[in-house]
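Single-structure report; data block below.
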Amino acid sequence: MAGKTRKQAAPSEAKQSLIDQVCLMKLEGETTQAIATKLGLCWNTVDKYWSNVLASTADIDPIQLLKERRLVTEKILSKSLRGFYANKVPLKDLSIAFELADKFSGINQYLDKLVVTTQLPPLLEIIVQSVKLDLPPTNT
């Protein structure tokens, strides 16, 4: 074992910085291997950091999180609307604010995944049938 050296553990600030970078990259859709390559880490380390972050967030109540996000988006939209009516915010920026607030709040995504909304019967069912018609005689 003379040829093998053990890596020193990263200082807590540097380690926390790496964990933050891993989280950000994971949330941006990067793969574990891509993150490992970019940060110069072993993929097992990246996977461990990500697993620890997920385990620490397992106690979050999704309903409470949605309520908090809804409050934040309400504040942002209210401020954007006031700016629009005061001619400080252009209409395009206001529409972007509405779109991003809808995505951030997560309410629509949450409702889309509820079993109740996915198992509703169709509201309207149209059945097309062939019907034989007797046309009135024509004068030809």
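The values are calculated or read from the model by the stated rules, or taken from the named source; none is laboratory data. The model shown is predicted, which means the values in this text are computed figures rather than measured ones. We place every Cβ from the backbone using ideal geometry, glycine too, and count neighbours over all the protein chains shown.
Restricting attention to the stretch 72-98, the residues that are part of a helix (DSSP H, G or I), of a type outside the set (Lys, Arg) and surrounded by fewer than 11 Cβ atoms within 10 Å (Cβ to Cβ) total 3.
Those residues that are without any contact (Cβ under 8 Å) to a residue 12 or more places away in the chain and part of a helix (DSSP H, G or I), I need them from the stretch 17-32; list them, please.
From the stretch 17-32, those without any contact (Cβ under 8 Å) to a residue 12 or more places away in the chain are 17, 20, 24, 27-31; that's our starting set.
Within the stretch 17-32, Ser17, Asp20, Leu24, Leu27 meet the criteria.
So that you can scan it fast, the table gives a plain yes or no per residue for (1) charged (D, E, K, R); (2) at pLDDT 80 or above:
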residue	(1), (2)
Ala9	no, no
Met25	no, yes
Asn52	no, yes
Ala55	no, yes
Ser78	no, yes
Asp102	yes, no
Leu111	no, no
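How do the pairs read when you match residues in the stretch 79-102 that are assigned by TED's automatic domain parsing to the domain that holds Arg69 with residues anywhere that are not in a helix (DSSP H, G or I), using Cβ under 7 Å and keeping only pairs 6 or more apart or on different chains? Between residues of the stretch 79-102 that are assigned by TED's automatic domain parsing to the domain that holds Arg69 and residues that are not in a helix (DSSP H, G or I), the close pairs are Ser80/Val89; Gly83/Val89.
Please determine whether any residue of the stretch 37-59 is in a helix (DSSP H, G or I) and touching a residue at least 40 places away in the same chain (Cβ under 8 Å). Explain how you work it out, then say what you get.
Looking only at the stretch 37-59, we keep the residues that are in a helix (DSSP H, G or I), and these are 37-39, 43-56.
Restricting the remaining residues to those that are touching a residue at least 40 places away in the same chain (Cβ under 8 Å) gives none.
No, the stretch 37-59 has no match at all.
Here's the yes/no breakdown for (1) surrounded by 15 or more Cβ atoms within 10 Å (Cβ to Cβ); (2) in the same structural domain as Ala101 (by TED's automatic domain parsing); (3) closer than 30 Å to Glu99 by Cβ:
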| residue | (1), (2), (3) |
| --- | --- |
| Ala36 | yes, no, no |
| Trp43 | no, no, no |
| Val46 | yes, no, no |
| Lys67 | no, yes, yes |
